[in-house]
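A.B. asks: To start, I am sharing the structure in question, which I have written as structure tokens.
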Amino acid sequence: MAALHDWLAQHADTLDQAESLSDEVLPALAAHGCFRAGVTAALGGVAGTHNDVRDAILGIADVARHSVTAAFVYWGQRSFIEYLLQSPNTALRDRFLPALMDGTLAGATGLSNAMKFLSGMEPLSVQGTADGDGWLLNGKLAWITNLRPQRFVAAAAVAPVDGSTPLVAMFASDDAGVQRSDNLRLIALRGSNTAAVRLEGVKAPAAYVIAPQAPEWLARVRPAFLGMQCGMSLGLATASLERAAAVAVPGRGPLSDNIAKAQAELAALTQQLLDGVADGRFVAAAPAMFKLRIALADLVQQALTMELHAKGGHAYLTQEEDGFARRWRESAFIPVITPSITQLQAALAKHAAATQ
Ligand SMILES: Cc1cc2nc3c(=O)[nH]c(=O)nc-3n(C[C@H](O)[C@H](O)[C@H](O)COP(=O)(O)OP(=O)(O)OC[C@H]3O[C@@H](n4cnc5c(N)ncnc54)[C@H](O)[C@@H]3O)c2cc1C
């Protein structure tokens, strides 16, 4: 991993601010076995600490300490892998898993829309018309990351036009009717291959169906999906608090104590996250997981503020720049990624009102 850390440390600013290395990040992660984390050995995975998705959460956190762009690419790829691992369609899993794990094929997750749909926040943006044993897909995914221009596969939730239960299906970039936009012009995370996709009469045969019953499947997959997202918060908060602790000099009021308290809180939240993902409690108790995601996002903001307080004016000197400016920009993404903090707060308020 040291070689990957070096590569990320060397290129983190470029990954954030330019598209020039967007082709290299997926192979760099794959070369270090990242996408095999938390996958059982029988399916080509590598042994880890937990041998389940917790290893991927910790792997994403480890990468996010150096680069949130790379961690987000990791999240997209590993989430797609998780969908296949949790799919009843084992033929689909066996067909695509090897290339996804070795990084020769990019996997993207267009399921933000589906997660918002699951919480009753917006309709599904892809419609399906029955076509033989499968579906014809039409619609748009406005934001989707890890769309390698060479080739990608992506997952989307599909609303059948006949009103039957939504499903989750995949499509590939070379399927007729798939149109990828240019990369979106982002203020950060620019090396993440993030674009929009339009689907016009795209054939998704039954062999491409990841889950025939989207609502219950999405609820089951959500802890892994959200848990891996939280990995980005864990890594970014860790990096920022490490820097804050390294430069905070004694005698500056409560700052050092606050940094130590935030580090202890981060350790406690990490443990709660890993335990909850492992024992399945978040499948039924989604609010507990939502609260954790909110607490971790808050901690990221606090960590960045403490790093700034510890550095003071030095944070503004380019000759002393050690990634602070990048972490500051990267941190803006944490509350925004779906389910966003605003959405989670709304969902918790709705839940509290319903249980009163
Ligand atoms: C760099 C980047 C990469 C991304 N990559 C992916 C990806 O790979 N896959 C993917 O699926 N998505 C991806 N997204 C999409 C992202 O997760 C959001 O879905 C996207 O930002 C648009 O949704 P929004 O809710 O922010 O926007 P809007 O729906 O316009 O909402 C605006 C604001 O209102 C809040 N809001 C909206 N509806 C409600 C509600 N009912 N209750 C309370 N608050 C509400 C939102 O949280 C947000 O704060 C990416 C986004 C970015 C910026």
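A.B. asks: Give me the pairs: first residue in segment 185-206 and among the charged types (D, E, K, R), second residue assigned to a strand (DSSP E or B) and within 16 Å of the ligand (Cβ to nearest atom), beta-carbon distance under 8 Å, and six or more apart or on different chains, which are they?
C.D. replies: Within 8 Å, the pairs are R198/G139; R198/K140; R198/V178; K203/L137.
A.B. asks: What pairs come up if the first residue lies in segment 336-348 and is closer than 13 Å to L292 by Cα, the second is within 6 Å of the ligand (Cβ to nearest atom) and assigned to a loop (DSSP other than H, G, I, E, B), and their beta carbons are under 9 Å apart, counting only those six or more places apart or on different chains?
C.D. replies: Final answer for the pair search is P339/M121.
A.B. asks: So which of G201, G139, G128 is assigned to a strand (DSSP E or B) and in contact with a Phe, Trp or Tyr (Cβ under 7 Å, 6 or more places away or on another chain)? Please lay out each step first, then the result.
C.D. replies: Values: G201 fails: in contact with a Phe, Trp or Tyr (Cβ under 7 Å, 6 or more places away or on another chain); G139 fails: in contact with a Phe, Trp or Tyr (Cβ under 7 Å, 6 or more places away or on another chain).
None of the others qualify; the one that does is G128.
A.B. asks: Any chance you could count how many residues in segment 32-83 are more than 14 Å from the ligand (Cβ to nearest atom), of a type in the set (D, E) and under 20 Å from F282 (Cα atoms)?
C.D. replies: The total comes to 2.
A.B. asks: Would you list the helices (runs of 4 or more DSSP H) that sit entirely within segment 264-356 and hold 2 or more residues that are surrounded by fewer than 19 Cβ atoms within 10 Å (Cβ to Cβ) and β-branched (V, I, T)?
C.D. replies: On the way: elements: 281-284, 286-311, 324-331, 341-354.
Those helices (runs of 4 or more DSSP H) span 286-311, 341-354.
A.B. asks: Being touching a strand residue (DSSP E or B) at 6+ places or on another chain (Cβ under 6 Å), in contact (Cβ under 8 Å) with a residue 24 or more places away in the chain, within 12 Å of the ligand (Cβ to nearest atom) and not in a helix (DSSP H, G or I) is the requirement here; does A114 meet it? Even if it seems obvious, please write down each step before you answer.
C.D. replies: Values: touching a strand residue (DSSP E or B) at 6+ places or on another chain (Cβ under 6 Å): yes; in contact (Cβ under 8 Å) with a residue 24 or more places away in the chain: yes; within 12 Å of the ligand (Cβ to nearest atom): yes; not in a helix (DSSP H, G or I): no.
Against the criterion (touching a strand residue (DSSP E or B) at 6+ places or on another chain (Cβ under 6 Å), in contact (Cβ under 8 Å) with a residue 24 or more places away in the chain, within 12 Å of the ligand (Cβ to nearest atom) and not in a helix (DSSP H, G or I)), A114 does not qualify.
A.B. asks: Out of all the residues in segment 21-70, which are part of a loop (DSSP other than H, G, I, E, B) and either in contact with a Ser or Thr (Cβ under 6 Å, 6 or more places away or on another chain) or without any contact (Cβ under 8 Å) to a residue 12 or more places away in the chain (or both)?
C.D. replies: As a first pass, look at segment 21-70 and keep what is part of a loop (DSSP other than H, G, I, E, B): 21, 32-33, 38-40, 44-45, 47-52, 65-67.
L21, T40, A47, G48, T49, R65, listed by residue number.
A.B. asks: Taking the condition of being part of a strand (DSSP E or B) and touching a Lys or Arg at 6+ places or on another chain (Cβ under 7 Å), how many residues in segment 173-198 meet it? I'd like the intermediate steps shown before the answer.
C.D. replies: If we filter segment 173-198 for residues that are part of a strand (DSSP E or B), which is where we start, we get 178-180, 195-198.
Applying the additional criterion that residues be touching a Lys or Arg at 6+ places or on another chain (Cβ under 7 Å) yields 179, 195-198.
Of the residues in that region, 5 qualify.
Quick note: the coordinates plus some simple rules give every number you see, no bench work behind them. No experiment lies behind these values; they were computed from the predicted model shown. Note that each Cβ is placed from the backbone with ideal geometry, even for glycine, and that neighbours are counted across all protein chains shown.
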